[in-house]
Amino acid sequence: MTWQMDATMLEMCSCKALCPCWLGPDTVPDEGWCAGALLIDIEKGAIDGQDVGGCRAALAAWWPGNFFAGNGTARLYLDSSASDAQRSALEAVFSGKKGGMFGAVLGPAVTKWLPAKSVPIDIQGGDVRSFSVGDVAKGTLTRYKDGAGNTATVQGTAAQGAFQSTSMEIASAKGTRWTEPDVRDWEGDSGTLHKVRWAG
């Protein structure tokens, strides 16, 4: 084991309510194509002995069809408050070069990696999570709840297995916008939140 981390992952994309890609390779994204992003807030972790607890990263990507079909274009954003050594270690993990979940999932899914950027990444809130990623993204995830105040969750989807998430909370990401012309500009309402434990 060369790296491990406990983190909260926020996911959002250009679809409505819940992205069909979560359900498997035979589904079709709302727009025919899928553009999405992951925000990763690391609670504790280490990469080759480098402590990365408290660091954040984001990944923006675009696929011409379903996520599972691959041929994606992606860019990593690394928190500018992290040290050079931390950003280098995080880039190696999240681009899949260190194996583990990211190597298995993003290796076949992403064909083209654009150069990583160092930007401020801010994540705030509890039931309602607001975030910003430099000047390219800003949005809010509001958890869906029933009349008793219980958060709506989903288990057992194909993409959850790929991302090693045992349960995901469903959220509205209405108004979330990414402005990244080298990947794809998009706005959507599909959001999910995950507690994850990854290693590679």
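The values are calculated or read from the model by the stated rules, or taken from the named source; none is laboratory data. For clarity, every value in this text was computed on a predicted model and none was experimentally measured. Quick reminder, even Gly has a Cβ in these numbers, built from the backbone with ideal geometry, and neighbours come from all protein chains shown. For accessibility, only protein heavy atoms count, side chains too; no ligands or nucleic acids. Shrake-Rupley method; radii C 1.70, N 1.55, O 1.52, S 1.80 Å.
Treating only the Cβ of Lys, Arg, Asp and Glu as charged (+1, +1, -1, -1), what charge dipole size does the chain show about its Cα centre? Round to the nearest 20 debye. Intermediate values should be presented prior to the final figure.
On the way: 18 positive and 22 negative charges, 27 e Å.
Dipole about the Cα centre, nearest 20: 120 debye.
Below 10 angstrom from the Cβ of residue 183, what's the summed charge of the other residues (Lys, Arg +1; Asp, Glu -1)? Numbers along the way, then the final one.
On the way: positive: 75, 112, 184; negative: 180, 182, 185.
My count for the surroundings of residue 183 gives 0.
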- Over all directions, what mean area does the Cα convex hull of segment 18-94 project, stated in square nanometres? 5.9 nm²
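Are there any trypsin sites (Lys or Arg not before Pro) in segment 48-99 that are in a DSSP loop and have at most 15 other Cβ atoms within 10 Å? List them by number. Please report the intermediate quantities before stating the final value.
Values: sites: 56, 75, 87, 97, 98; in loops: 97, 98.
Those satisfying the criteria are 97.
Do me a favour and compute the ellipsoid semi-axes for the chain from its Cα gyration tensor, root of five times each eigenvalue, largest one first, whole Å. List each step's numbers first, then the result.
Numbers: eigenvalues 109, 73, 60 Å².
Semi-axes, largest first: 23, 19, 17 Å.
Heavy atoms only, probe 1.4 Å: what % of the accessible area of the chain goes to carbon and sulfur, would you let me know? List each step's numbers first, then the result.
On the way: 4270 of 8570 Å².
Of all accessible area on the chain, carbon and sulfur atoms account for 50 percent.
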- From the Cα gyration tensor of segment 56-126, with a ≥ b ≥ c the square roots of its eigenvalues, which class applies: rounded if a/c is under 1.5, or else prolate if a/b is larger than b/c, or else oblate? prolate
- Just list whichever of 138/195; 16/44; 117/145; 97/195 have alpha carbons separated by over 29 Å in the model shown. 16/44; 117/145
- Toward the positive end of the charge dipole of segment 43-160, about the Cα centre and with charges on Cβ (Lys, Arg +1; Asp, Glu -1), which of 47, 152, 120 goes farthest? 152
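If R₀ is 35 angstrom, what is the calculated FRET efficiency for the pair residue 151 and residue 83, using the beta carbon separation as r and rounding to 0.05?
Values: r = 35 Å, r/R0 = 1.00.
My answer for the efficiency is 0.50.
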- Between rounded, prolate and oblate, where does segment 92-154 land on the alpha carbon gyration tensor, with a ≥ b ≥ c its root eigenvalues, rounded for a/c under 1.5, else prolate if a/b exceeds b/c? oblate
- Message: Before I look further, what does segment 123-183 give for accessible area per residue, probe 1.4 Å, in whole square angstrom?
- Response: 51 Å²
- Query: For segment 1-94, what is the charge dipole size about the Cα centre, in debye to the nearest 20, if Lys and Arg each add +1 at the Cβ and Asp and Glu each add -1 at the Cβ?
  - Reply: 140 debye
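With charges only on Cβ, +1 for K and R and -1 for D and E, what is the dipole size of segment 123-177 about its Cα centre, in debye, rounded to 20?
Working: 6 positive and 4 negative charges, 32 e Å.
Once rounded to the nearest 20, the dipole reads 160 debye.
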